[in-house]
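Nothing in this text is a laboratory measurement; each read-out follows from the coordinates by a stated rule. These numbers were taken from a predicted model, which means no experiment stands behind them. Every residue, glycine as well, gets a Cβ built from its backbone with ideal geometry; the counts of neighbours run over all protein chains shown.
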Amino acid sequence: MRHVIARFFMAMALVLILSCRCSPMRSEFYRGETRYQYRQGIQAYRSGEFEKARDCFKRVVALDPSYAPAFGSLGNVALVRGEFDEAERCYRRAAALDPALASALRPLLVAAVEGRAR
């Protein structure tokens, strides 16, 4: 019986060690995927493919909910589509996540608020 218990704990220790050592690889995969999806979204936005851009930016925030530029880009897509409430929400979220973006987003936020008021 002691032999079985000892094997169980050894197996659990091995699982923990492997999962901890693979963590940096998983993190790097998600960072790479985040950058890739963000670039795809920017490219789609520049091409006028706003649905595709929105889908890419949503995948980015699903992978990394603290990626402020993706929220700003989602705001841009919403603004272009006339979804002013959504644009304002995304711009505010981006500015809250990265205060350095606040000054760049201010004119867009004003445009979203004014668009909603019309």
**Burial order of peptide ranges 77-83, 100-106 (average beta-carbon count within 10 Å, highest first)** = 77-83, 100-106
**Asked** Dipole magnitude of the stretch 25-118 about its Cα centre, charges +1 at Lys/Arg Cβ and -1 at Asp/Glu Cβ only, in debye to the nearest 20?
**Response** 80
**Message:** Spelling out what I want: for every residue of the stretch 60-67, take phi, set θ = phi - 60°, compute 6.51 cos²θ - 1.76 cosθ + 1.60 (Karplus), and round to whole Hz; glycine and proline get x.
**Reply:** 4, 6, 5, 6, 9, x, 9, 7
**Item:** √(5λ) per eigenvalue of the Cα gyration tensor, the stretch 25-91, largest first, Å
**Value:** 21, 13, 7
